[in-house]
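For reference, the structure discussed in these notes is given below.
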Amino acid sequence: MHKHGGDIYTNSGKIDFSANINPLGMPKSVSLAAKNAVDYSNVYPDVNCSKLKKAISIRENVGEENIICGNGAAELIFAVCMAKKPKNAVLICPSFEEYRQALEAVDCEIANFYLKEENNFKLDEEFLDVLTPRCDIIFVCNPNNPTGQMIEKDLFIKIVEKCLENDILLVADECFNDFISKNERYTVKGIENTFILKAFTKMYAMAGIRLGYGICSNTEFLKKIQLCMQPWNVSVMAQAAGVVAAQELGFAERTLCIIEEEKEYLLKELSTLAKKIYGYSANYIFFKEKNDFADRMLLSGIIIRNCSNYQGLDEGFFRIAIKGHEDNVKLIEAWKKLK
């Protein structure tokens, strides 16, 4: 089982920098909607997620028929693989490991494409060479998790074109897209043979509620994906919270301002502390430090993400979320004591 960030259950009382959740927490309006929904949770959820799809449709400016909702983005990753039944895939390494787990679950043969440390773990045009007719599916996380690197727009266009040319399903994971400025420049919305993966988890701090969604122009493929998921997979509370969250655009804008401000503070401090900083496009920073760094920080009451169990990484690579200023100061103070 792949290890994740956010393990507060075995590390209670610690400040958690391992999960990339909005430091502002869940909006009060979203929290209230979820709480109120408990009072009518004696009935089954709307199996079609009608109100939720309508709210997402308005937010994303796409048709309701092009939206599918899931119990977190993870459920959709597995359902896409079950519906597609790919025989061969290419996985970028390191990246979100649930892609691999979902592909292995359908007995797909996987070829790894390793990002290079000397290139700061940025995807380059060599990736285009592995996008051949033999490949059935690829997952592209943009910004990438855990490296925090964006794919250059020109390269992404070439990837899309190569996938269309060779009939490769492109699953574009845009779950962290909300944390970058001018994010509409980096979406592949509306492009044929593309499935966009999104979630309310990070921006709206809804990790425990579990709500993700997908956008795809191929409605027949969406029907196949739906058949691979259980009915009533999105709870009454998740649907109610999602409807409200989809309308909280001002909250997202405020978050971006805070993230940029705190990121500037952390990068300035880390420039003299970390061995090397790599990517930081989203709401987290990927860096290199001494191998035992996470264990030593844990003794100081701070949880960070040890990334050594990602395919393509070894010891010494870590990721921290960008949190509120008070917590960020505590992180830096603890770090300095280790020097």
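Data for the structure
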read-out: Cβ crowding within 10 Å averaged over residues, with 168-178, 316-326 ranked highest first; value: 168-178, 316-326
read-out: Qualifying aspartates and glutamates (Cα of each under 14 Å from Cα of residue 323; at least 8 residues distant if same chain); value: 16, 260, 261, 262, 264
read-out: Net dipole in debye of segment 41-245 [+1 Lys, Arg Cβ; -1 Asp, Glu Cβ; about Cα centre; nearest 20]; value: 740
read-out: Efficiency of FRET from Cβ geometry, residue 132 and residue 32, R₀ 51 Å, rounded to 0.05; value: 0.50
read-out: Cβ crowding within 10 Å averaged over residues, with 187-198, 67-78 ranked highest first; value: 67-78, 187-198
read-out: Contour minus Cα-Cα distance for residue 192 and residue 88 (0.36 nm per residue); value: 35.4 nm
read-out: Cβ charges +1 (Lys, Arg) and -1 (Asp, Glu), total dipole of segment 66-142, debye; value: 300
read-out: Cross-link reach list, lysines versus residue 153, counting only Cα pairs under 21 Å and skipping chain neighbours closer than eight places; value: 116, 122, 162, 182, 189, 198
read-out: Separation of the residue 114 and residue 290 label points, Cα + 7 Å toward Cβ, nm; value: 2.7
read-out: Net charge dipole size for segment 249-339 [Lys, Arg +1 and Asp, Glu -1 on Cβ; Debye, nearest 20]; value: 280
read-out: Relative contact order for the chain, counting Cα pairs under 8 Å that sit 6 or more residues apart, in percent; value: 26
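Coordinate-derived values only; no laboratory data. The structure presented is a predicted model; accordingly, all values stated were derived computationally and were not measured. Because the Cβ atoms are built from the backbone with ideal geometry, glycine has one as well, and the counts that use them run over all protein chains shown.
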